Amino acid sequence: MTYPETRNLIGRAFFAISLSFALIFSAQANSQLMGMEKVLEDYLAQQELLGGVLLVSAPDQISIAVSGIADLNANIAVTPQTRFYAASSGKSVVAAAVLAFVEDGTLQLDGKVWPLIKDIDNIAQLANSDKVTLRQLLNHTSGLPDYLDEDFFAASMRQPSKEWSPSEAIGFALEFPATGEPGKGFEYSNTNYVLLGHILAGISGSLEAALEEKVFSVAGMMETSVGRPNYASQLARGYIEDDFLDVSDLAWASVLGDGPIVSTAGDLAKFAMALFRDKKIIGAKLLRQMQTGSAADDSYGLGIGIDGDEWGDWFGHAGSYDGFEADFRYYPDGEVVFVFLTNGNPLDEDPILDAAAESFFDK
């Protein structure tokens with residue numbers, strides 16, 4: 001397919017194949033859906049993205065706006081059932097599962113994790129690995145160097161379908177020094193969540209089994225998997241660059257704890273509601289700790305970002321990987337969840353959920 005043909009197809013996707021769905025309970029809900037549709041289509045056009053989903057869930061309504069193409073070669077449109085790679089938004093799911101095991105007494109939040117990770121090949125060479133606690137992995141105050149660097153990306157591009165093991169992944173971090181003493185500073189490191197994924201797998205036999213037990217089944221997330229699911233027709237493929245290079249295999253092979261899930265917007269909303277509103281995954285006491293920042297950074301809790309705007313405080317997590325972007329927020333004051341998923345990478349860092357919140361709360 002040539003570049004002009006691709007651009008023409010994208011244009012048809014936005015204006016002819018664009019679809020929107022909602023559970024509408026009032027005229028106001030219909031107006032809010034129309035607002036979400038405009039926010040989504042404007043954003044996809046401005047950021048030159050192929051397709052996406054924008055969901056808002058409130059106590060009296062669920063509205064889902066969808067637009068564009070999920071699979072360019074097959075000319076498959078995005079629908080509410082389309083599954084996207086959720087990138088680092090999946091860290092919140094992993095963190096919730098870890099905390100559920102803390103709550104049932106299987107794990108100790110402030111205990112050192114060395115006994116749980118010492119079986120990883122060459123782990124003793126990873127700076128700080130023998131000192132860190134579970135809490136410090138969760139809130140990125142461990143000082144562990146990040147494995148996810150240019151060398152790892154280059155290796156991944158050579159083997160795009162390879163599912164890296166924890167020992168293989170952290171091998172890319174062994175040459176780097178610690179970024180600081182555990183508990184003394186905040187430094188976002190994907191290595192933290194690779195180790196958390198390994199810990200969960202050690203408890204349940206696999207990371208997917210742990211997430212299924214503590215999160216997926218509890219929240220009713222029936223359309224979520226670790227890695228690529230079997231339902232190929234419902235998958236959004238991920239694209240990069242102006243010629244829309246398909247890099248989907250890179251994302252679907254990401255089955256480590258730092259970004260393991262492929263999901264729908266609806267399932268991510270279910271997760272947020274089950275965690276924050278209904279307290280089904282962990283109880284109120286541990287949830288308060290999850291939603292509390294560290295002394296090193298008050299904007300990041302235990303696997304959750306903490307922020308706010310003129311409509312109130314919110315909790316959530318964004319994610320980005322080649323070919324995919326994801327973001328979700330929960331506003332506790334109104335019990336409102338926003339979810340955005342797309343199969344590309346925006347041109348700038350202005351989050352669409354800012355515009356979505358303004359459109360929704362100003363109605």
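Here are a few things to note about the model shown:
- The magnitude of the dipole of the chain, with charges of +1 and -1 set on the Cβ of Lys/Arg and Asp/Glu and taken from the Cα centre, is near 1120 debye.
- Amide H contacts of Leu148 (H built 1.01 Å from N, in plane; Pro and chain starts excluded): Asn190, Thr191 sit under 5 Å, all sequence-distant by 5 or more or on other chains.
- Between Asp297 and Met34, the contour length at 0.36 nm per residue exceeds the alpha carbon distance by 90.9 nm.
- Karplus-derived 3J(HN,Hα) values for region 311-319, using 6.51 cos²θ - 1.76 cosθ + 1.60 with θ = phi - 60°, are 9, x, 5, 8, 10, x, 7, 9, x Hz; glycine and proline are entered as x.
- Which listed pairs, of Lys91/Lys162; Lys91/Lys184; Lys118/Lys162; Lys214/Lys270, have C-alpha distances above 18 Å, in listed order: Lys91/Lys162; Lys91/Lys184; Lys118/Lys162
- With a simple spin-label model that places each label point 7 Å from the Cα along the Cα-to-Cβ direction, the separation between Asp119 and Asp104 comes to 1.8 nm.
- Computed E for Glu241/Ser217 - FRET, C-beta separation, R0 41 angstrom, nearest 0.05: 0.60
- Spatial extent of the chain: Rg and Dmax, with the Cα atoms as the point set, Å: 19.9, 61
- Spacing of the two label points (7 Å from each Cα toward its C-beta) at Gln159 and Ala209, in nm: 2.4
- Among Lys112, Lys285, the order by Cβ neighbours within 10 angstrom, fewest to most, reads Lys285, Lys112.
- Straightening the chain between Gln289 and Tyr188 buys 34.5 nm, computed as 0.36 nm per residue apart minus the Cα-Cα spacing.
- Listed by chain and number, the aspartates and glutamates whose alpha-carbon sits under 15 Å from that of Lys112, ignoring those within fewer than 8 places in the same chain, are Asp130, Glu181.
- Remark: region 220-230, residue by residue, has Karplus-estimated 3J(HN,Hα) of x, 8, 7, 10, 10, 9, 8, x, 5, x, 7 Hz, where x stands for each Gly or Pro and the curve is 6.51 cos²θ - 1.76 cosθ + 1.60 at θ = phi - 60°.
- When shorter helices are ignored and each DSSP H run of at least 4 residues is given -39500 (n - 2.57), the per-residue value for the chain at 222 nm works out to -9500 deg cm²/dmol.
Quick note: the coordinates plus some simple rules give every number you see, no bench work behind them. If you're wondering where the values come from, they're calculated on a predicted model, not measured in any experiment. Don't worry about glycine lacking a Cβ; one is built from the backbone with ideal geometry, like all the others, and counts go over all protein chains shown.
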